[in-house]
Structures are given as C-alpha cells and as structure tokens.
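Below is one structure, written out as structure tokens; comments come after it.
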C-alpha cells in the first residue's frame, strides 16, 4: 500500500480479510516511524491530530481483526525508546499513557463517566462519581525520584518500562526542588523514604518566543547547525535530552507535577486531590487550574471552562485529564493493556493540521503592507475550516521555504489568524514551485494599483507606495485624511467610509468634496440632518493649514510634528514637492528615512495628481501658515513636557500652542527637557523634574513664555 493510500484511509474504513494484515503492518510501521520522530528525535513530521488519526485507524482494524493484534503494536505499549548516549533507567512503576477521548465537544465527558460507572457496577440510583480534573500539558513526561527528600534521579518516560537518565539536565530547572520541604502532608507527617513524582517539563510561550528569537540571531550570524523550533513541546523535549547540561540550562524550562510512581515509607492520601495537595506542600509546582467535580455535568463544565481560557494560558495544552478522585476506586478499576481504566484525556479541537498549498497569493493591506498568503486545500483546524494561512512576510516564507504544492502544517489557535508552521519536506512533489521571491513575482509593482513597491532598510515588509491612489488602501487613507488632527472632518467615521467606498461613491480623496446631501442621506442610518452636517464639515475642512494638510496625506513616517516642521521650513507645497533628499534633511526632525519616504511619495505621479485635484476642489491654506520662520519662533529648539491638568488649556490645545511656537512636546522628562508645564494632579513627571532641577511652568507661565504673537488664535476660546 502506498504512503498516499495509507494517509487517506479513514479509521473506520472496512478492509477485506486478506488485505487487513498488510494494512495493519503498514499502519504499525508508520506509527513506529512517527513515534521515533516525536519521542526520540524531537522532530515530528506530522501534527498530533494526524498521528491520532493513524492510531485510531489501527485500533479500529485490530478491533475488527483481533488476531492481528501483536505484542509490539503501538496500541499495546507506550511508544518511545532510550536515546543512545543516555543511561537507561528501569521504572519501578511503569509510566503508562492514558486513553484519549476523541469527541472534542464537552458532551464527550459523558462517555468517560458512563464507562467509569459501568466498570464500578454503579446503578442509576448511585450518587455521582467525584473526579479530579487537570490540564493536559504539551511537554515531556518525566519521573523524579526522591530518596529521603533528596532528588537522586530523573528519567524520561521512554517506552514506559525503561527511560533515559536526564538527572543533570532536570537539575537545571529552577522550579524543581533538589530537596523537598518537610512538614505534614497527606496521610502522614514527614518526608517519604522514597517518592517518585510524575510530571511534565514544558516551555512557556513567552520563553519559546525568546528562544526562537535567539536562534534566529544565531542563524543570521552564520552559526552552523542552528535552527528554530516548530513548537514549545519540541524545544522543551530537546532541552531535556541535551547531552550537555549547560545547553539545557539555556532554555528556561518549567515543570508541573501531576502524579506518583513508586512510594515507600509514606501513607498516601485517600484521594488524587490529596496527592496533589501533598506534592504542593512538599514544594513541587502543581498547576492551580485543577478542580474536583461530580458526574458528567461537572466534567463537561470543566472542559468548557478551560477551553475558553486555553488561548490565554501562558503555556500550551491540547486537552484536559479526568481521573477518578478516590484512590481506592482507582485500584478497584485497575488497568487495561497500556492505560488505566480510571483516567482519560479529553482533547480539544486540534490547533495544528496538515494540508497542501495550492498557490501563494500576495495581499495588499489597508496600510500598503504586502503579505504572502498560502491558498490551501481546505482543512478543519482550531474548530473551523481554513483555506488561507498567512506567511507573514517574504523573509518568513523563504525561511520556512514554503512553495506551491508543498504539504504544510497549519496552526490556528483561538481567534489568531491561521499560519503555516512548517513544511513536510519528505512530501515535497517533484514539480513544486521555486523558492519565493516577492519582488520578482510582482515585477516590482503593486498587484492592485501598479505603483512601485519598496522595502526600507531594516524592515521585514514590502509596501505599496500607492497610498492615496491604491484601492486596497482607500478606506484607511480616507479615515486618516478625515482625522481630528488632520483635516478634522466631523462625522466621517468608519461606518460612513465603509459605505462610501463599498457603494463606489468615493474612490479618491478629492471625490469627498463632490458629495451632496442627497447622496449622503441615502446611506444607511444617515438621514438628511446628518448628511447636511457632514457636508458642512467637509466645507469647513476646505480651509486648513499646510501642516494639517501634509499630515492628512498619510505620508509614511510623517507625523503631526514633522508635518508642521516641513510647513514652517518650506512655507508652501510646491517647494516641498521639488525638494531633494538633502534639502529635506535640513528640516528639524527629518532624518534620512523620513526624507526618503517623502521623496518616494512625491515621486509617484498619482500622488501629485491627488494633491492638485484637492486644490482644484477648493482645499486651501495660507502658503506660509501665518507663522514666522522657525528660527525666530519663541520656543524654537526647545523641548517641553506636559503633566497634570491645566486650568483652561486641554492637552491637545497646549500641544498645538507649543508646536506653533516652534517647540517640541515630549512624553518623558530627561536632562534634555527645557521646561515642564505642570497642572493639577501632576505626578511622577513633576517629581522627576524637581529632582533634576528643571524649570517648571504653570499655564500662565507657558503663555507668558510664548507671548501674544503666537497665542492669538490658539487660546482656550479659539475657534
């Protein structure tokens, strides 16, 4: 049977008797292969959900043909083996795995409850069973052996009977105590003579992100043999099984205890909850997200509650675990084959699945960012069907080497946009596409409007330069243009812009000024009065300042302060449009990056056309903005910090006033600050200014410093 046929087989698919043996053998080979990749090499080729599907297919086949069940079948033993180079450790009590409930809905809990009650021969009138509920961590299972309270050995699960001695690496995990705390716990005081603690070594998501960032830096430096990690579980397992403890110590691993192995010289508590409480008393980390519940309804409620919190947890889980809480009942129920009857893992919808890339498309975002997107064969992942997954940017696409035709692992967690985690290189077809090159693919032009695309030094993203002209950026350009700090068009918000663009009423900025009351009143929830108000606001916005106008154009890297500085320096739009990069850098706060961004913007003919059309529809300003040259302004070259509430000036009005006087407003106090303007309830900024001995002004002092020449028209009563 071919590999393709094997992976397409459904767990419940019927097979003729003469083909069943061959299929079972093929499934066992595949499961052993992937278990070796997962448990031994820490480099899985397929997602967990795909492995579970193969495992369930073998279970179903063996159930239909019991004579095919072999002692070495993955369904009969825990997979994994001792890695060469580590000393083997024979487990005094086998480290078995637990059964998985494949119904990912909360109602699946009822299946386990019904099975447990049946095993215990409980009738319908019997009280509900009590269960201990925990999280199913996505890490590496280990066994910690304490003798008289001292950690003497740590071992991996291995094949369940024999694991690997990883004591030195486990000792680098700060959460794991080298000596247990003494004190009363469980059924007896004092420390056990022998206590084996079972638990999970894992990597927090923030630690995983830092680790991969460090790996990328090493790769960029040319360090050979370095790689990034697909998921936290891989990285944690790889750290535990490093031959050099110093390398293991580089990764900030964490640990949660969840059970026991061999115990001597200690009376166990009566319940599993009591065991966990005792471990906590001994100083071992036990996850706080646990509970004891009653019956199927309690299990379902726990499953649902944790499912809602899953994406907010600081670590990965793929389900929850239910255990009969009473230890005497656990002993009564016993074990079957490779798993206890008294416990089950209840999973959530898989967050990773495998599918095929049909093609790689390039989307233009509302700010001009160009994003490669993998068009996928639809796959159900994270609770929904996914047909598109982001590749983030060109560098990420090339680093992962994603090509059309590839089989890839797709991840979707919660509301996060689906992404391609990695490529299954073993399945790359001979006719797969070429390595991804965004610029070459687009010929250097935006796929929507044809404008030039640029990638500034130090940035990961290519961007379309078509801003005011590009249809993909139209809504964002309109909203920015209408903003209060830009053209200040009251009433032109998100919902109105959405309707104007979707209805084709506005395609470019100048078309805003051709709108009439009749067209606007026809919009949803507008009405004639609102329409008239918007027309009045548009009319009012025709008379503006050059600084506001420049900011409204949405030129990349050009904020309010820079726009005002440009207006003061050049005095008119024509001189600015014609200025060279060198001339632009003569302006205060304009460095090479901003200067190049300005030059790129005005080098696009359609941008200059939009500017001219705006002037043609009546947008006007005083070419000199009514202010003297920057060098003669009272606050030229000075930096001020605002703190507290001023008597009459709002924060924005005070900022406008300072900038109109040639000053700069900073958000933090430093030795470079010239004045601090303090109002009521000024806090830490005022205290720091006093400590540094900086001049402190109130509102009256600020107005006196600026003088009447600038304050006219900028005060609290200004229009």
Lone unmet requirement of (1) at pLDDT below 90; (2) assigned to a strand (DSSP E or B) for residue 588 | (2)
The residue that is modelled with the lowest pLDDT, considering only those in region 101-123 that are surrounded by 13 or more Cβ atoms within 10 Å (Cβ to Cβ) and part of a loop (DSSP other than H, G, I, E, B), is 102
Within region 342-385, of all residues that are within 26 Å of residue 441 (Cα to Cα) and part of a loop (DSSP other than H, G, I, E, B), the one nearest to the chain's Cα centre (by Cα) is 365
Where in region 629-711 are there helices (runs of 4 or more DSSP H), lying wholly inside it, with at least 1 residues that are farther than 24 Å from residue 571 by Cβ and not assigned by TED's automatic domain parsing to the domain that holds residue 485?
-> 651-660, 684-692, 699-706
Can you tell me which residue within region 158-176, out of those that are surrounded by fewer than 22 Cβ atoms within 10 Å (Cβ to Cβ) and modelled with pLDDT of 90 or more, is nearest to residue 96 (Cα to Cα)?
-> 160
Looking at (1) assigned by TED's automatic domain parsing to the domain that holds residue 170; (2) outside any strand (DSSP E or B); (3) within 26 Å of residue 48 (Cα to Cα); (4) modelled with pLDDT under 95, can you tell me which one residue 285 breaks?
-> (3)
Does at least one position in region 189-211 carry a residue that is modelled with pLDDT under 80 and surrounded by fewer than 21 Cβ atoms within 10 Å (Cβ to Cβ)?
-> yes
Quick one: how many residues across region 227-276 are under 23 Å from residue 48 (Cβ atoms) and part of a helix (DSSP H, G or I)?
-> 9
Out of region 397-416, which residues are closer than 14 Å to residue 379 by Cα and either part of a strand (DSSP E or B) or over 20 Å from the mean Cα position of the chain (by Cα) (or both)?
-> 407, 408, 409, 410, 411
Filter region 488-542 for residues that are more than 25 Å from residue 622 (Cβ to Cβ), touching a residue at least 40 places away in the same chain (Cβ under 8 Å) and not in a loop (DSSP other than H, G, I, E, B) and give the result.
-> 533, 534
Hey, can you tell me all the residues within region 668-684 that are out of contact with any helix residue (DSSP H, G or I) (no Cβ under 9 Å at 6 or more places or on another chain) and closer than 19 Å to residue 561 by Cβ?
-> 672, 674
Go through the residues of region 547-556 one by one and say whether even a single one is surrounded by fewer than 20 Cβ atoms within 10 Å (Cβ to Cβ), farther than 19 Å from residue 603 by Cβ and either in contact with a strand residue (DSSP E or B) (Cβ under 8 Å, 6 or more places away or on another chain) or assigned by TED's automatic domain parsing to the domain that holds residue 666 (or both).
-> no
Selection status of residue 251, surrounded by fewer than 15 Cβ atoms within 10 Å (Cβ to Cβ) and modelled with pLDDT of 80 or more | no
From (1) under 26 Å from residue 75 (Cβ atoms); (2) part of a helix (DSSP H, G or I), pick out the condition that doesn't hold for residue 298.
-> (1)
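The values are calculated or read from the model by the stated rules, or taken from the named source; none is laboratory data. All figures in this text were calculated on a predicted structure; none of them were measured in a lab. Every residue, glycine among them, receives a Cβ derived from its backbone with ideal geometry; neighbour counts consider all protein chains shown.
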